[in-house]
Amino acid sequence: MSSIGRYAPSPSGDLHIGNLRTAMLAWLSAHHDGGTLRLRIDDLDPRVSSVEHERQQRIDLELLGITFDGAELRQSDRSEHYQRTIDRLADDGLLYPCFCSRREIREAASAPHVHLPDGAYPGTCRTLSTAEQARRGEDRPAALRVRTHNVEISFSDRNYGDQREFVDDFVIQRNDGVPSYNLATVLDDAEQAITEVVRGADLLPGTARHVWLRNVLHLPHVDHAHVPLVMNSDGDRLAKRDGAVTLTDLAKLGISADAVRGRLAESLELAEHGETPSMHELLDRYDPGSIPLEPSVWGSV
Ligand code: GLU
């Protein structure tokens with residue numbers, strides 16, 4: 001069966017070289033076995049999303065030759081669907097309100113004798129009585145967390161191999177009412193009938209949450225293939241402050257989208273220096289088993 005992949009940019013800024021490299025890999029992976037790539041607009045959070053960024057992202061993806069098929073999905077259209085699932089999880093007794101601030105979580109997680117992966121929730125609000133919940137709710141609106149019993153989940157990543165991770169009581173609905181990315185991504189992948197998720201390796205930690213939630217909601221399995229990030233010359237994750245890192249910046253320096261695709265292809269060992277192959281030419285050369293797994297470095301241009 002051929003794959004249905006997706007690329008899911010957040011329209012909160014321009015796509016940089018690292019985002020574009022991931023998009024190329026998602027396209028190649030989906031088309032490699034005759035499948036298709038769908039677009040999802042991750043505009044869940046209205047405060048950081050904008051139609052201008054979305055417009056520019058679409059232009060940049062098209063300039064690079066990244067095409068999409070099938071119906072697009074826009075997270076801001078899906079509030080009712082997310083809410084139905086939140087209600088269902090609540091009816092099943094799986095959710096509890098959490099009043100912790102980020103600082104409280106950090107402090108509780110770093111207390112002596114607490115051994116949790118970075119960023120994991122230490123369970124502070126899991127056992128609050130109804131009276132305590134009411135009292136704390138006077139000071140601060142609650143987020144909703146799901147009871148996972150910190151179960152350990154195993155799954156296999158096509159590039160990074162077998163993974164085992166403890167799943168913490170993660171957020172399902174933020175305390176401003178916005179559904180969490182973890183909930184939305186799992187529901188949206190099912191809605192778009194996605195069979196493979198190709199995305200940046202920064203999202204590998206936490207993927208066990210998605211596997212866990214898919215099981216609980218009886219949603220179909222997806223294959224995961226996380227791909228290495230692009231770093232700056234100091235070895236930090238590439239960011240806007242690293243200079244000319246978007247197609248718009250690079251075009252101003254006289255570097256065309258074709259040339260950028262060529263350089264990214266070279267970083268994937270799919271092109272020689274100076275070559276500018278099209279996406280379809282790259283598809284002929286692409287072998288999913290041999291993408292370089294060490295982070296790629298984008299030197300300043
Ligand atoms: N919207 C997310 C991002 O831009 C990607 C989410 C995903 O691929 O699951 O980082």
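The values are calculated or read from the model by the stated rules, or taken from the named source; none is laboratory data. Small disclaimer: the values here were computed from a predicted structure and weren't measured. Virtual Cβ from ideal backbone geometry, glycine too; neighbours counted across all protein chains shown.
Looking at SER267, SER296 in this structure, which one is out of contact with any Gly (no Cβ under 6 Å at 6 or more places or on another chain), more than 18 Å from GLY65 (Cα to Cα), surrounded by 15 or more Cβ atoms within 10 Å (Cβ to Cβ) and among the polar types (S, T, N, Q)?
Details: SER267 fails: more than 18 Å from GLY65 (Cα to Cα).
Going through SER267, SER296 in turn, just one is out of contact with any Gly (no Cβ under 6 Å at 6 or more places or on another chain), more than 18 Å from GLY65 (Cα to Cα), surrounded by 15 or more Cβ atoms within 10 Å (Cβ to Cβ) and among the polar types (S, T, N, Q): SER296.
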> Quick check, is ASP45 touching a helix residue (DSSP H, G or I) at 6+ places or on another chain (Cβ under 6 Å) and either within 13 Å of the ligand (Cβ to nearest atom) or closer than 25 Å to LEU238 by Cβ (or both)?
Replying inline: no
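Here's the yes/no breakdown for (1) of a type in the set (Gly, Ala, Ser); (2) touching a strand residue (DSSP E or B) at 6+ places or on another chain (Cβ under 7 Å):
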residue	(1), (2)
ALA244	yes, no
ASP249	no, no
ASP258	no, no
ARG263	no, no
GLU269	no, no
THR276	no, no
HIS280	no, no
ASP287	no, no
VAL297	no, yes
>> I need a count of the residues in region 1-37 that are in a loop (DSSP other than H, G, I, E, B), hydroxyl-bearing (Ser, Thr, Tyr) and more than 13 Å from the ligand (Cβ to nearest atom).
In response: 2
> Quick one: is ASP45 within 21 Å of ARG199 (Cα to Cα), modelled with pLDDT under 95 and charged (D, E, K, R)?
Replying inline: yes
> If we keep just the residues of region 195-214 that are β-branched (Val, Ile, Thr) and touching a helix residue (DSSP H, G or I) at 6+ places or on another chain (Cβ under 7 Å), which is nearest to PRO295 (Cα to Cα)?
Replying inline: VAL198
> Any idea how many residues of region 106-139 are at pLDDT 90 or above, aliphatic (A, V, I, L, M) and within 27 Å of the chain's Cα centre (by Cα)?
Replying inline: 0
